[in-house]
Amino acid sequence: MTTTKAASTRVDDREADDPQGWQFNSSLVLTMLLLVLVVVQGPFRRALSAPVTQSWMTVFVAVFVQALPFLVLGVLLSAIIAVFVPPSFFARALPRRPALAVPVAGMAGAVLPGCECASVPVAGALVRRGVTPAAAFAFLLSAPAINPIVLTATAVAFPRNPQMVLARFVASLLVACAMGWLWQRLGRTDWLRPPDHPSFDGLSNGAAFWGSVRHDVMHAGGFLVVGAMAAATLKAVVPAGWLHTAANNPVVSILALAILAVLLSICSEADAFVAASLSQFSLTARLAFLVVGPMIDLKLFAMQAGTFGRGFALRFAPATFIVAVLISALVGAVLL
C-alpha cells in the first residue's frame, strides 16, 4: 500500500514538472493576442476608418492635448505650495471675525494653482491649525476654480468668449462665499469630524513633493482621460437631436451639464476644454459645468467624506450643488 502511494506521488510530481503541459505564461498570451489581432485586423481597420470613430478620435485627442500642459503645470505648482508653504501662513493672513474671514479665504484660493485634489487636504490642515471651518470651506471651494492656471486654461478654451473667464471667477467666488457663510450660520460642530494628519507628515520636503505629484497625476490624469472620452462620445455617438433637445431647454441644459460635471469628475485644469467641446449647449449651461465640477463631484465627495466625515459630506455636497447651479444661472444671465 505504501509502495503504491509513493509511486502515485512520483507520477504526480513528474506531471507537475512536465514542461509539455498547457502553461498560460506571458509568451503564450502574447502569441494568442497576436493571432487574434491578425484575424480581426480587417474589421478593426474598418471600424477605425468609420466616420464616427474618426470624429471620436479627433475630439478626444484635441481635448486631451490641449488640457495636458495645464494639468501638468497645475499639479507641479500645487505640490510646491502644499509642501513648501506652511498652512499657518493662511491662518495668520485671515481676519479673526468669521464673517470677514470667509471672503478673504475665498480670494486666497487664487494663490493655490492646483486641482481640487489639493484643496481638500489644505482645507483640512487649515482647520487643524485653528482656522474657522467656514473660512476653510470657502477656500476649499474657491481654490480649484479661481486660481490662475484654471482661469488661463478657460481663456484658452474659450478664445471667442472672453467673458466666460470673468463669469467663472465671479460665480465660483460667490458660491464659495455663500457656502462659507451658510456653514457659519447653520453648520454644527457634531457634523464635522476633525481631519486626520496628512499622509506626507514626517517625510522630507523632496519625498512629500514627489508624493504629492504622483498622487495628483494619478488622480487628475485618469479623470482627464475619462472626461475627454466622455466629451468625444457625446460629440460622436449621441444623436444630435437628443443633444439639441436638451440644449434648447434652458433649465434642462443647465441641470444636465451640472449633473454631467458631477459624474465625470474632471480635474479643474482640464474641464474648460471639455466644456468648450460641448458647443450644442449655451454658455450659461457650460458655466454651470465649470462652476459645479471643481466644487462637487464623485471624487471630491469621497475625499471630503474621508477628511471631514461622512455626515459633513452628505450635507455639504448637496447644498453646494444647489447653490452652484442657482448662482451659475444668475451670473450667466447677467454676464453671458
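Quick notes on this structure:
- Residue list for the stretch 183-240, filter: of a type outside the set (Lys, Arg), open to solvent by 70 Å² or more (accessible area, probe 1.4 Å) and modelled with pLDDT of 75 or more: Gln184, Leu186, Thr189, Asp190, Ser204, Asn205, Trp210, Met229
- Tally, over the stretch 76-107, of residues that are small (Gly, Ala, Ser) and modelled with pLDDT of 85 or more: 4
- Of residues in the stretch 160-189 being out of contact with any helix residue (DSSP H, G or I) (no Cβ under 6 Å at 6 or more places or on another chain) and without any contact (Cβ under 8 Å) to a residue 60 or more places away in the chain, the one nearest to Glu269 (Cα to Cα): Pro162
- Listed by first and then second residue, the pairs with beta-carbon distance under 6 Å, at least 6 apart or on different chains, first residue in the stretch 144-156 and over 12 Å from Asp271 (Cβ atoms), second at pLDDT 90 or above and open to solvent by less than 10 Å² (accessible area, probe 1.4 Å), are Ile146/Ser172.
- Among the residues making up the stretch 128-141, those that are open to solvent by less than 20 Å² (accessible area, probe 1.4 Å) and over 14 Å from Cys267 (Cα atoms) are Val131, Ala134, Ala135, Ala136, Phe137, Ala138, Phe139, Leu140.
- Filter result (out of contact with any helix residue (DSSP H, G or I) (no Cβ under 6 Å at 6 or more places or on another chain) and open to solvent by 20 Å² or more (accessible area, probe 1.4 Å)) within the stretch 300-314: Ala302, Gly306, Arg310, Leu314
- Flag for Leu243 being open to solvent by less than 30 Å² (accessible area, probe 1.4 Å), closer than 19 Å to Leu151 by Cα and not in a loop (DSSP other than H, G, I, E, B): no
- Verdict on Leu290 being of a type outside the set (Lys, Arg), out of contact with any His (no Cβ under 6 Å at 6 or more places or on another chain) and at pLDDT 95 or above: yes
- Output for the stretch 315-336, where each listed residue is open to solvent by less than 20 Å² (accessible area, probe 1.4 Å) and closer than 18 Å to Gly187 by Cβ: Phe316, Ala317, Thr320, Ala324
- Residues of the stretch 152-172 that are part of a helix (DSSP H, G or I) and open to solvent by 30 Å² or more (accessible area, probe 1.4 Å): Thr152, Ala155, Val156, Gln163, Val165, Leu166, Phe169, Val170.
The values are calculated or read from the model by the stated rules, or taken from the named source; none is laboratory data. Because the structure is predicted, anything quoted here is derived from the model rather than measured. Cβ coordinates were reconstructed from backbone atoms using ideal geometry, including for glycine residues, and neighbour counts include every protein chain displayed. What goes into the accessible areas is simple: the full protein's heavy atoms, side chains included, and nothing from ligands, DNA or RNA. Shrake-Rupley method; radii C 1.70, N 1.55, O 1.52, S 1.80 Å.
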